Amino acid sequence: MGIHMDSLDDKYLRILLDRIAVSKSYKPKFGNDGEGVSLDKFRSLYGSDPFYNWFGLDNPLMYAAHKAAGGITSIYRQIGIGGEALLRQLIQDHLGLTSEQANWSYKTVTSGRPRTLKLDARIEPLNVADIDQRQKITNWMQKAARQLQLEERVAKAMGGIVMEVRQGYKSKDSKRQNADMANAAEAYTKGYLPILVVLSNQIDGDIAERYERGKWLVLRGSLEGSDLFSTYAFSREIIGYDLAGFFQRNNEQLKNFTKDILESLLRANGDE
């Protein structure tokens, strides 16, 4: 592996590990605001409650269970956030885009209040300096428009793609899905194809079907399939970076780091 590849691996690995490390300090809140409740505070809180005390719910094992449950959710969340940041960095590094060009947001009014909403990443072919890369992205957009069965006039109006990145998608949270449908509608009015980029294969079939009906192109974390199906084929062929290769090269460090976080979360007192 060359020096350039080593430095990129270090850079991309740091993006992910810094996010996952956030989960190590997770503490359950038990209805309290702030940074979370320590084991001692939990025992005082539940131990002073007659009903919970009668059932022995102030046991450190109960705290450990809460901490593990919330902490595991935190790990998934932080991996997802890290994945978003990593994809934006790949777009900037390998397509030569600025941070502003790689981000996308729009303003709307909800219940009389102005809001700024955003998707995770953006690619506009006109911002790509390399002519071959620009043409490759344009050709891919044309293929994607055909797969989505867009009307020709709509397909011709598309000037770029915007992406929502998820580590996986099993939750059937209708509020989130409705928000994404609204984001897709807004993207089309602004001339962007909306792409759901899933880093794993963990996406519910009903969810994928709904997004596809809503004219999202859904990319899955499969090592097989074309750049219209596989997140990793898309990264390799369209962005120009072998993301699967990066994960394979660094999987031991990622596994060990995550294992350390999990072991900490499964202890009632993570500092022990």
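The values are calculated or read from the model by the stated rules, or taken from the named source; none is laboratory data. Every value quoted in this text rests on a predicted model; they were computed, and no experiment measured them. When we count neighbours, we look across all protein chains shown, and the Cβ atoms used for this are built from the backbone with ideal geometry, even at glycine.
Please count how many residues of the range 114-146 are out of contact with any Gly (no Cβ under 9 Å at 6 or more places or on another chain) and farther than 28 Å from ILE79 by Cβ.
We begin by selecting, within the range 114-146, every residue out of contact with any Gly (no Cβ under 9 Å at 6 or more places or on another chain); these are 114-119, 121, 131-132, 134-135, 138-140, 142-146.
Applying the additional criterion that residues be farther than 28 Å from ILE79 by Cβ yields 114, 131-132, 134-135, 138-139, 142-143, 145-146.
Adding up the residues that qualify gives 11.
May I ask you to list the residues in the range 55-105 that are outside any helix (DSSP H, G or I), surrounded by fewer than 18 Cβ atoms within 10 Å (Cβ to Cβ) and within 19 Å of the chain's Cα centre (by Cα)? Let's see the steps before the verdict.
In the first step, residues of the range 55-105 are kept if they are outside any helix (DSSP H, G or I); the result is 55-59, 96-98, 103-105.
From what's left, surrounded by fewer than 18 Cβ atoms within 10 Å (Cβ to Cβ): 55-59, 96, 98, 103, 105.
Residues satisfying the conditions are ASN103, SER105.
Within the range 253-270, is there a residue that is touching a Ser or Thr at 6+ places or on another chain (Cβ under 7 Å), surrounded by 14 or more Cβ atoms within 10 Å (Cβ to Cβ) and closer than 30 Å to ALA129 by Cα?
Within the range 253-270, not a single residue is touching a Ser or Thr at 6+ places or on another chain (Cβ under 7 Å), surrounded by 14 or more Cβ atoms within 10 Å (Cβ to Cβ) and closer than 30 Å to ALA129 by Cα.
Cβ-Cβ under 6 Å, sequence separation 6+ or interchain: first residue in the range 105-122 and free of Cβ contacts under 8 Å to residues at least 40 places away in the same chain and over 20 Å from GLN167 (Cβ atoms), partner of a type in the set (Ser, Thr, Tyr) and surrounded by 10 or more Cβ atoms within 10 Å (Cβ to Cβ). Which pairs?
Filtered contacts from the range 105-122: ARG115/THR108; THR116/SER105.
Within the bounds of the range 98-108, is there any residue that is at pLDDT below 95 and among the charged types (D, E, K, R)?
yes
Determine if the range 165-182 includes at least one residue that is in contact (Cβ under 8 Å) with a residue 60 or more places away in the chain, out of contact with any Lys or Arg (no Cβ under 6 Å at 6 or more places or on another chain), closer than 17 Å to LYS118 by Cα and crowded, with 18+ Cβ neighbours inside 10 Å.
Looking for residues that are in contact (Cβ under 8 Å) with a residue 60 or more places away in the chain, out of contact with any Lys or Arg (no Cβ under 6 Å at 6 or more places or on another chain), closer than 17 Å to LYS118 by Cα and crowded, with 18+ Cβ neighbours inside 10 Å, one finds at least one in the range 165-182, hence yes.
Kindly establish whether PRO50 is free of Cβ contacts under 8 Å to residues at least 12 places away in the same chain and not polar (S, T, N, Q).
Details: free of Cβ contacts under 8 Å to residues at least 12 places away in the same chain: yes; not polar (S, T, N, Q): yes.
Answer is yes for this residue.
Here is a check on your reading of the model: is ALA208 at pLDDT 95 or above, out of contact with any Lys or Arg (no Cβ under 7 Å at 6 or more places or on another chain), part of a helix (DSSP H, G or I) and under 24 Å from GLN92 (Cα atoms)?
Details: at pLDDT 95 or above: yes; out of contact with any Lys or Arg (no Cβ under 7 Å at 6 or more places or on another chain): yes; part of a helix (DSSP H, G or I): yes; under 24 Å from GLN92 (Cα atoms): no.
The answer is no for ALA208.
Kindly indicate which of LEU61, LEU8, LEU39 is touching a Pro at 6+ places or on another chain (Cβ under 9 Å), at pLDDT below 95 and not charged (D, E, K, R).
Among LEU61, LEU8, LEU39, only LEU39 is touching a Pro at 6+ places or on another chain (Cβ under 9 Å), at pLDDT below 95 and not charged (D, E, K, R).
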